[in-house]
Amino acid sequence: MAQKEATVYILDLGRSMGEKDYGRSKTNLDWAMDYVWDKITTTVSTGRKTALMGVIGFRTDETDLGGLVDEEDGYSNIRCFSPLKQFLLPDIRELQQQIRPSGTNNGDVLSALAIAVQMIKTQTYNAKGMKLKYDRKIIIVTNGTGHMDTDGIDDMAAAFKEDEIELTLLGVDFDDPDYGYKEEDKDLKKTQTENEEILKQFVEDCGDKAMYGTLAAAIDQLDIPRIKKTTPVASYKGSLTLGDNENFDMTLTIDIERYPCTAIAKPPTASSFVVRTDLGAGPGPSTQSSATITGEDHAPTDGNLSAVRNQRVYQVENPADPGTKMNVELEDLERGFEYGRTAVHISESDANIVKIETSASLELIGFVPEEKFDRYLPMSKTNFIVPQKANGQAQLALSSFIHALYEAGCFAIARLVTKDLKPPILVLLVPRIEPDLEALIDVELPFEEDMRRYKFPPLDKKLTISGKEIKQHRDIPNEELMQAMSDYVDAMDISEFGRDEGGEKTEYMPFSEVYSPLLHRINHIIRWRATHPFDTELPPPPQILTKYSAPPGELLSQAETQFQALKKAGDVKKVPPKEKGRFKRSRGADREKPLSGLDVDALLGNPKRIKIDAGNLVPTFKQALAATDDLEAIQSAADEMASNIKSLISSSIGESGYGRALEAIRVMREELTELEEPEIFNKFIRELKADVIGGKLKGDRREMWWRIRGSKYGLIDRKRCFASDVTEDEAAEFYKAT
């Protein structure tokens, strides 16, 4: 269970926060709110009801203490914008409308801090005054230019230590030697300088949980993705056994626990909503136009949206009306399982007979030398196996077993059943020894049915049909190419391309600095969009997410010599782009010659007309279209193709010729679309539909029409070819049989 949190944000809304200092395009407050909004939206995106947040502003025009303090003496110009509660998107929208610079500079940050402490105590203490299990946090953002009442400041620092409140104070343009920032001309601002010293000393007196810094440092760290820390949950608690401990005494039994080691982090999913059309009928599901909102499955905040309701229907072939479906109930169906690409049906009675009755266990069944284990075999994420907590005997026994495996250079293989009646799996147990950790790491192994064995030809030689080996071939790299590739790989080495703070060579891509662009970019946009209207342009991705998307430019420049040598050794040539469209095809003297330099069509006289051969239908049709730009010749070739397609259908015995006819229709449709002559095909397909449905092709050929319909080889519409006069609706209507 996630730890409860209570976080209060204290915001400086004084008149000076509305100024733009040091050439910034934003006001001091807007710049500070970039940090605050990021923190708030990050918490909201988790959807945790136990993550409570409150907002207090000081140096405001009005005073509103929210009932936390009875007396207003000394607490003027302080406003409680929100009590501690779970924030949702409407709360962010409402708070955005209220956070504005005031017209005064009166107000005390320490008085606002006292109210924040009272707010936290009210929420995180019970009626008897006992502390509840909460992480208590206060975050202050100020430019330190207002007056401060320092009476009782030492007592307040002592209270922070006692209540274990984590304090973070960020100053707008505060000096921070650790970050390397110092505001110029600060001597002219005596009040700000004094306040900085007072606040810095106060933070130091609040103990180890307090932090003081400049806002610029916090803003620079916003682009660094936050790594989510999860509380591990045991997937198995039981014993690791060697031998049959139920029937024999001489067995090895160790009490252990199994926790996840690695897991795939996935981006948040999208929830689907629809635009309601029955606004007068109250809330309810609708099935009109749909919209998608990224986030958790919460109720939509917009009154014009309604959650999508899913309904599952089971259908089977209707024996009374072939070609149609009929609905059936789930209770009338029986289960089937995939075996490769085959569906295997198993009745409920048979499943009960062959079902393995298992009990939770982890049993050692063998050992394998480390060097004989193939690294491609693991099939799953990894898990830690550690001794049972507070069990000294189990810790000693498992430590001995881990060291025995490590010294022997072996891995163990075990049969794992995580819960009773669950199917068993085989796992590999690998010893892991670190200064502060001794554990086994397990990963799932495949069964025989999981193995996929593929054979590929060798890369370093060619075999003829007679079995003769050929060492020199155009597909086999020669020594010059191999050496050029080796030099290029060495030149592109990034293992020591980076530089540390001292200028020494170091790793360019340390594992701890490589983040998932997909995961963190989506989270970044969700947080950003929560505080910006939908008509604003999305911000570019943070540089830290794109840094490793391409090799560094300096490295590419250094490896340019090796790259050119590799191109020369590999005889790399640019492939000419494929030309499309009738008017882009060149003929005669302007025709582009093939890479071989041998123009076969020119040698054959470049014939303008090529006869369509019924025995070689598709190739000859393509050759006929490629040999001419004349519309009359294209029409003639299409007419011949149409005649042969109809002949294939009419002469087909059963469905034997339907496959060839369907392929010919596909090629004819694609070629005429590329030539921007869709009307030729549309005229043909309309005639073919009429002939097939009307029984004019020597019998009932409606099965051929269902194949055309299923393959979507109907009319060419405007979406597919701009030269077509057929709309998308007309193309969809065409598929309906008449």
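The values are calculated or read from the model by the stated rules, or taken from the named source; none is laboratory data. In this text the structure is predicted, and so the values were computed from the model without any measurement. Cβ coordinates were reconstructed from backbone atoms using ideal geometry, including for glycine residues, and neighbour counts include every protein chain displayed.
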Name every residue in segment 227-277 that is touching a residue at least 12 places away in the same chain (Cβ under 8 Å), loosely packed, with under 13 Cβ neighbours inside 10 Å and among the basic types (Lys, Arg), in order of residue number. Lys228, Lys266
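Given the structure, is Arg415 surrounded by fewer than 17 Cβ atoms within 10 Å (Cβ to Cβ), more than 18 Å from Ala263 (Cβ to Cβ), under 30 Å from the mean Cα position of the chain (by Cα) and in the same structural domain as Asp255 (by TED's automatic domain parsing)?
Working: surrounded by fewer than 17 Cβ atoms within 10 Å (Cβ to Cβ): yes; more than 18 Å from Ala263 (Cβ to Cβ): yes; under 30 Å from the mean Cα position of the chain (by Cα): no; in the same structural domain as Asp255 (by TED's automatic domain parsing): yes.
Against the criterion (surrounded by fewer than 17 Cβ atoms within 10 Å (Cβ to Cβ), more than 18 Å from Ala263 (Cβ to Cβ), under 30 Å from the mean Cα position of the chain (by Cα) and in the same structural domain as Asp255 (by TED's automatic domain parsing)), Arg415 does not qualify.
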It is to be established whether one or more residues within segment 162-173 are acidic (Asp, Glu), at pLDDT below 90 and crowded, with 19+ Cβ neighbours inside 10 Å. yes
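For the condition surrounded by fewer than 22 Cβ atoms within 10 Å (Cβ to Cβ), farther than 20 Å from Asp12 by Cβ and either in contact (Cβ under 8 Å) with a residue 24 or more places away in the chain or touching a strand residue (DSSP E or B) at 6+ places or on another chain (Cβ under 9 Å) (or both), what is the one hit in Pro101, Pro90? It would help to see each step written out before you state the result.
On the way: Pro101 fails: farther than 20 Å from Asp12 by Cβ.
Residue meeting the stated conditions: Pro90.
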Pull out all pairs, ordered by first then second residue, where Cβ-Cβ is under 7 Å, the residues are six or more apart or on different chains, the first lies in segment 704-718 and is over 18 Å from Glu679 (Cα atoms) and assigned by TED's automatic domain parsing to the domain that holds Asp729, and the second is assigned to a loop (DSSP other than H, G, I, E, B) and among the hydrophobic types (A, V, I, L, M, F, W, C). Trp705/Ala737
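Any idea which of Ser549, Ser516 is loosely packed, with under 12 Cβ neighbours inside 10 Å and in contact with a Pro (Cβ under 9 Å, 6 or more places away or on another chain)?
Numbers: Ser516 fails: loosely packed, with under 12 Cβ neighbours inside 10 Å.
Ser549 is the lone residue from the list that is loosely packed, with under 12 Cβ neighbours inside 10 Å and in contact with a Pro (Cβ under 9 Å, 6 or more places away or on another chain).
Counting just the residues of segment 687-698 that are in contact (Cβ under 8 Å) with a residue 40 or more places away in the chain and either within 19 Å of Glu730 (Cα to Cα) or not β-branched (Val, Ile, Thr) (or both), which one comes out surrounded by the most Cβ atoms within 10 Å (Cβ to Cβ)? I'd like the intermediate steps shown before the answer.
We begin by selecting, within segment 687-698, every residue in contact (Cβ under 8 Å) with a residue 40 or more places away in the chain; these are 687-689, 691-693, 697-698.
Filter once more, keeping what is either within 19 Å of Glu730 (Cα to Cα) or not β-branched (Val, Ile, Thr) (or both): 687-689, 691, 693, 697-698.
Working: Glu687: 13, Leu688: 23, Lys689: 20, Asp691: 17, Ile693: 16, Leu697: 19, Lys698: 11.
Within segment 687-698, the match that is surrounded by the most Cβ atoms within 10 Å (Cβ to Cβ) is Leu688.
Condition test on Ser359, is it under 25 Å from Glu246 (Cβ atoms), touching an Asp or Glu at 6+ places or on another chain (Cβ under 8 Å) and modelled with pLDDT under 95?
Details: under 25 Å from Glu246 (Cβ atoms): yes; touching an Asp or Glu at 6+ places or on another chain (Cβ under 8 Å): yes; modelled with pLDDT under 95: yes.
Spelling it out, Ser359 is indeed under 25 Å from Glu246 (Cβ atoms), touching an Asp or Glu at 6+ places or on another chain (Cβ under 8 Å) and modelled with pLDDT under 95.
Suppose we keep only residues that are surrounded by 12 or more Cβ atoms within 10 Å (Cβ to Cβ) and under 30 Å from Arg276 (Cα atoms) within segment 303-327. Which one would you say is modelled with the lowest pLDDT? Walk me through how you get there before you give the answer.
First pass over segment 303-327, keeping only residues surrounded by 12 or more Cβ atoms within 10 Å (Cβ to Cβ): 304-308, 314, 318, 325-326.
Now drop any that are not under 30 Å from Arg276 (Cα atoms), which leaves 304-308, 314.
On the way: Asn304: 69, Leu305: 73, Ser306: 78, Ala307: 78, Val308: 81, Tyr314: 90.
Here the residue is Asn304.
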Would you check which residues across segment 29-58 are under 18 Å from Pro542 (Cα atoms) and out of contact with any strand residue (DSSP E or B) (no Cβ under 9 Å at 6 or more places or on another chain) and list them? Trp31, Asp34, Trp37, Asp38, Thr41, Thr42
Looking at Val274, Val233, Val203, which is the one that is at pLDDT below 90 and of a type in the set (A, V, I, L, M)? Val274
What are the residues in segment 495-542 that are β-branched (Val, Ile, Thr), touching a residue at least 60 places away in the same chain (Cβ under 8 Å) and assigned to a loop (DSSP other than H, G, I, E, B), if any? Thr531
